[in-house]
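The structure under discussion appears below in the form of structure tokens.
The values are calculated or read from the model by the stated rules, or taken from the named source; none is laboratory data. Since the structure is predicted, the reported quantities are computational estimates derived from the model, not experimental observations. Every residue, glycine as well, gets a Cβ built from its backbone with ideal geometry; the counts of neighbours run over all protein chains shown.
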Amino acid sequence: MTEATRECALYEPLLSGALDNELTQQQQQLLQQHLQRCEYCSAKLAQLEQQSAALRAAQQTMPEPTMPHLQTTTTPVWQWLGWLLMLVGLLVIGGWAAYQYVQDASLPIWLKLAVGAVYLGLTVLFIGVAWQRKQQAKTDRYKKVQL
Amino acid sequence: MQTLQQQRYQLLQPHLRGAQLLAQQLLQCQSSAEDCLHDALISAFTTKGFPETAKVKAWFLQVVRFRSLDLLRQRKKLTTLDAISTLEEVVNTPLPAESNALKALSLLPFAQSDVLVLRELNDCSYAEIATIMQIPQGTVMSRLARAREALRLQLQQLERGEQAND
Ligand SMILES: [Zn+2]
């Protein structure tokens, strides 16, 4: 390579830009004019081109990264339907039983209240556990991907 | 029927190799790079802020880059990137690469290999590089020029070393 002239440093970024096709038309013209006069920069451009091609070629030979095995976790529709039917049935039966129970005049009021409290407590506990589970599932970021 | 996850995976798939090279270059370790890529993929699958198709590449590379930098900071307990680039142990562990060009790349200081990986191994435009690195677009060209010059010198040095060994 011949010696660099003092103005060559100014053209260094443009050489890079030319390689990447990112020069404005004006910049292109400036660079072309310099390249016609300057052997040093012309040779350098060729060298940089080669270097860039070598990197890109090397990239192609790198192995494809091993990817996590994707697993779908969407619940099928029939499962939702099953749960829904069961819930509706339970509500109807439970409602009817509760109504009969309240109407039954042979039982003292304190027993009715006590039994009601037991059922209410069970329901609260059940909902509490379900809610906790749901929160856990939300924060577990690895649930959806098997690594 | 395609799940959201499968759709996103298809969009990301062409950029995975480049993204892994980026992480590898930053972390200088293949297995941490793989972990980093997997983490980035998981957040890509679950995020609500997934970008439109044209911006997927820049977005994903940015996620991978930030994650790598976080890991580096944790590892080195450093707060600034400049401090990382001055650490010789980070800079001077070449990856096992068959190509001289990649070997030379891995010997470059962090700040220079970063921009080169985005341009040469991920084919990012200057606008994309500016977005990913969060720098003004006008500075991308000169950064790349400096990095390329550094790579050129590093390659010459490697070749000289090989000749000396022969
Ligand atoms: Zn010149």
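Yes or no: residue B:122 surrounded by fewer than 18 Cβ atoms within 10 Å (Cβ to Cβ), within 9 Å of chain A (Cβ to nearest Cβ) and under 22 Å from residue A:61 (Cβ atoms)?
Numbers: surrounded by fewer than 18 Cβ atoms within 10 Å (Cβ to Cβ): no; within 9 Å of chain A (Cβ to nearest Cβ): yes; under 22 Å from residue A:61 (Cβ atoms): yes.
Considered against the rule, which asks whether it is surrounded by fewer than 18 Cβ atoms within 10 Å (Cβ to Cβ), within 9 Å of chain A (Cβ to nearest Cβ) and under 22 Å from residue A:61 (Cβ atoms), residue B:122 comes out as no.
Could you tell me whether segment A:33-45 includes any residue that is away from the ligand (no atom under 16 Å from the Cβ), of a type outside the set (Lys, Arg), modelled with pLDDT of 95 or more and in a helix (DSSP H, G or I)?
From segment A:33-45, those away from the ligand (no atom under 16 Å from the Cβ) are none; that's our starting set.
Scanning segment A:33-45 turns up no residue that is away from the ligand (no atom under 16 Å from the Cβ), of a type outside the set (Lys, Arg), modelled with pLDDT of 95 or more and in a helix (DSSP H, G or I).
Of all residues in segment A:73-114, which are of a type in the set (Gly, Ala, Ser) and surrounded by 10 or more Cβ atoms within 10 Å (Cβ to Cβ)?
Taking segment A:73-114 and keeping what is of a type in the set (Gly, Ala, Ser), we get A:82, A:89, A:94-95, A:97-98, A:105-106, A:114.
Across segment A:73-114, the qualifying residues are A:82, A:89, A:94, A:95, A:97, A:98, A:114.
Condition (residue is out of contact with any His (no Cβ under 9 Å at 6 or more places or on another chain), at pLDDT below 90 and not in a helix (DSSP H, G or I)) applied to segment A:83-103: is it met by at least one residue?
Within segment A:83-103, none of the residues are out of contact with any His (no Cβ under 9 Å at 6 or more places or on another chain), at pLDDT below 90 and not in a helix (DSSP H, G or I).
Show the residue pairs meeting these rules: Cβ distance below 7 Å; 6+ apart or different chains; first residue within segment A:69-97 and under 20 Å from residue B:4 (Cα atoms); second residue modelled with pLDDT of 85 or more.
These pairs meet every condition: A:70/B:5; A:70/B:6; A:70/B:9.
Go through segment B:1-67 and tell me which helices (runs of 4 or more DSSP H), entirely inside it, have 1 or more residues that are of a type in the set (Asp, Glu).
In segment B:1-67, the matching helices (runs of 4 or more DSSP H) lie at B:30-46.
Restricting segment A:1-14 to residues that are surrounded by 19 or more Cβ atoms within 10 Å (Cβ to Cβ) and more than 9 Å from the ligand (Cβ to nearest atom), which is nearest to the other protein chains (Cβ to nearest Cβ)?
A:13
Any residue at all in segment B:76-97 that is touching a helix residue (DSSP H, G or I) at 6+ places or on another chain (Cβ under 9 Å), crowded, with 16+ Cβ neighbours inside 10 Å and at pLDDT 85 or above?
No: zero hits.
Check segment A:48-63 and report whether any residue there is within 16 Å of the ligand (Cβ to nearest atom) and exposed (fewer than 13 other Cβ atoms within 10 Å of the Cβ).
Of segment A:48-63, the ones within 16 Å of the ligand (Cβ to nearest atom) are A:48-49.
Checking the rest, the ones that are also exposed (fewer than 13 other Cβ atoms within 10 Å of the Cβ) come to none.
No, the conditions are met nowhere in segment A:48-63.
Six or more apart or on different chains, Cβ atoms under 7 Å: show the pairs whose first residue is in segment A:19-44 and without any contact (Cβ under 8 Å) to a residue 60 or more places away in the chain and whose second is in a loop (DSSP other than H, G, I, E, B) and away from the ligand (no atom under 12 Å from the Cβ).
Sorted first by the residue in segment A:19-44, then by its partner, the pairs are A:31/A:23.
Counting just the residues of segment A:21-32 that are within 15 Å of the ligand (Cβ to nearest atom) and over 22 Å from residue B:119 (Cα atoms), which one comes out farthest from the other protein chains (Cβ to nearest Cβ)?
Looking at the filtered set, the residue picked out is A:32.
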